[in-house]
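A.B. asks: Okay, handing you the structure first.
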Amino acid sequence: DMKGIDVSTLQGVIDWSHVSADFAMIKATQGRGEGAATRLLPRFTDSKFKRNIENCPAPCGVYHYFTGTTLKKTYEEVYFFISVLAPYKSCVKLWAALDVESFYLDGLSADDLTRFVTAALDRIRDAGYVPMLYTNPNYLKYRFLPHAFDAYDIWLAHWGVKTPYTVPRFKIWQY
């Protein structure tokens, strides 16, 4: 089994010479802020993204923290993500993931949320990246339409269990 790490500004300044992971998933962008410092920011780049992607010695993927509540906002977010990635396209050896877990999405129907996330993943693929959905069993069981993401690679956040929830294209288990 390969062991990877998920990094963002929350991990501070990483000394990559001391990291023994086989791969890294690096946070690139976010739709809207959730904390006090970022609440009013629409679409921003993770403050450590440039440093992390330029210094990570392991194969890496990237991700965008998704907050789109309309198709227009979804496209704005995904095109922003793709534009931030553009100078580093050759560095992205793994996936370009959409992190779907934000409280901003709470009011959306399963139909709308599934439609917006599918649209974003398809734009990521169109831009030449391997799309991936980062989510948890609750979203897969109750928030999305059933089996909507069976054709996409899945990065599953499923903590405190011996065996993760089963999905067809399960690639990363964040435990």
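A.B. asks: For segment 89-110, does any single residue satisfy the condition of being among the acidic types (Asp, Glu) and in contact with a Ser or Thr (Cβ under 9 Å, 6 or more places away or on another chain)? Don't jump to the end; show me each part of the working.
C.D. replies: Kept after step one, since they are among the acidic types (Asp, Glu), are these residues of segment 89-110: 99, 101, 106.
Remaining after also requiring in contact with a Ser or Thr (Cβ under 9 Å, 6 or more places away or on another chain): 99, 101.
Yes: segment 89-110 contains one or more residues that are among the acidic types (Asp, Glu) and in contact with a Ser or Thr (Cβ under 9 Å, 6 or more places away or on another chain).
A.B. asks: Another question, if that's okay. Take segment 99-114 and flag every residue that is within 26 Å of Arg39 (Cβ to Cβ) and either of a type in the set (Val, Ile, Thr) or open to solvent by 60 Å² or more (accessible area, probe 1.4 Å) (or both). I'd like the intermediate steps shown before the answer.
C.D. replies: Taking segment 99-114 and keeping what is within 26 Å of Arg39 (Cβ to Cβ), we get 99-109, 112-113.
Residues satisfying the conditions are Val100, Glu101, Phe103, Asp106, Gly107.
A.B. asks: Still on this model: Are there any pairs, at least 6 apart or on different chains, whose C-beta atoms fall under 7 Å, with the first in segment 1-20 and without any contact (Cβ under 8 Å) to a residue 60 or more places away in the chain and the second among the charged types (D, E, K, R) and assigned to a loop (DSSP other than H, G, I, E, B), and if so, which?
C.D. replies: Met2/Asp22; Lys3/Asp22; Ser8/Asp46; Ser8/Lys48; Thr9/Asp46; Thr9/Lys48
A.B. asks: Could you list, in sequence order, all residues of segment 78-98 that are open to solvent by 10 Å² or more (accessible area, probe 1.4 Å), out of contact with any Cys (no Cβ under 8 Å at 6 or more places or on another chain) and within 17 Å of Met132 (Cβ to Cβ)? Give the derivation first.
C.D. replies: First, the residues of segment 78-98 that are open to solvent by 10 Å² or more (accessible area, probe 1.4 Å): 79-80, 82-84, 86-95.
Within this subset, residues satisfying the condition of being out of contact with any Cys (no Cβ under 8 Å at 6 or more places or on another chain) are 79-80, 82-84, 86-90, 95.
Hits for segment 78-98 are Ile82, Val84, Tyr88, Lys89, Trp95.
A.B. asks: Open to solvent by 20 Å² or more (accessible area, probe 1.4 Å) and on the phi > 0 side of the Ramachandran plot: which single residue out of Arg51, Arg39, Arg32, Arg43 fits that description?
C.D. replies: Working: Arg51 fails: on the phi > 0 side of the Ramachandran plot; Arg39 fails: on the phi > 0 side of the Ramachandran plot; Arg32 fails: on the phi > 0 side of the Ramachandran plot.
Testing whether each residue is open to solvent by 20 Å² or more (accessible area, probe 1.4 Å) and on the phi > 0 side of the Ramachandran plot leaves just Arg43.
A.B. asks: So Ile14 passes all but one of these: (1) open to solvent by less than 30 Å² (accessible area, probe 1.4 Å); (2) within 15 Å of the chain's Cα centre (by Cα); (3) over 23 Å from Asp126 (Cα atoms); (4) among the β-branched types (Val, Ile, Thr). Which condition number does it fail?
C.D. replies: Tallying (1) open to solvent by less than 30 Å² (accessible area, probe 1.4 Å); (2) within 15 Å of the chain's Cα centre (by Cα); (3) over 23 Å from Asp126 (Cα atoms); (4) among the β-branched types (Val, Ile, Thr), Ile14 fails exactly one: (2).
A.B. asks: Residues being touching a Lys or Arg at 6+ places or on another chain (Cβ under 7 Å) and either over 22 Å from Phe170 (Cα atoms) or open to solvent by 50 Å² or more (accessible area, probe 1.4 Å) (or both): count how many of those fall in segment 17-28.
C.D. replies: Filtering segment 17-28 down to residues touching a Lys or Arg at 6+ places or on another chain (Cβ under 7 Å) leaves 21-22.
Filter once more, keeping what is either over 22 Å from Phe170 (Cα atoms) or open to solvent by 50 Å² or more (accessible area, probe 1.4 Å) (or both): 22.
The qualifying residues number 1.
A.B. asks: Kindly indicate which of Ala97, Ala120 is in contact with a strand residue (DSSP E or B) (Cβ under 8 Å, 6 or more places away or on another chain) and in a helix (DSSP H, G or I). Steps first, please.
C.D. replies: Working: Ala97 fails: in a helix (DSSP H, G or I).
Selected residue: Ala120, the only one of Ala97, Ala120 that is in contact with a strand residue (DSSP E or B) (Cβ under 8 Å, 6 or more places away or on another chain) and in a helix (DSSP H, G or I).
A.B. asks: How many of the residues making up segment 131-158 are touching a residue at least 60 places away in the same chain (Cβ under 8 Å) and either of a type in the set (A, V, I, L, M, F, W, C) or surrounded by fewer than 18 Cβ atoms within 10 Å (Cβ to Cβ) (or both)?
C.D. replies: Taking segment 131-158 and keeping what is touching a residue at least 60 places away in the same chain (Cβ under 8 Å), we get 132, 134, 155.
Checking which are either of a type in the set (A, V, I, L, M, F, W, C) or surrounded by fewer than 18 Cβ atoms within 10 Å (Cβ to Cβ) (or both) leaves us with 132, 155.
Qualifying residue count, segment 131-158: 2.
The values are calculated or read from the model by the stated rules, or taken from the named source; none is laboratory data. Note that the structure is predicted; figures quoted are calculated from it, not measured. We place every Cβ from the backbone using ideal geometry, glycine too, and count neighbours over all the protein chains shown. Just so you know, the surface numbers come from the protein's heavy atoms only, side chains and all, with ligands and any DNA or RNA stripped out. Shrake-Rupley method; radii C 1.70, N 1.55, O 1.52, S 1.80 Å.
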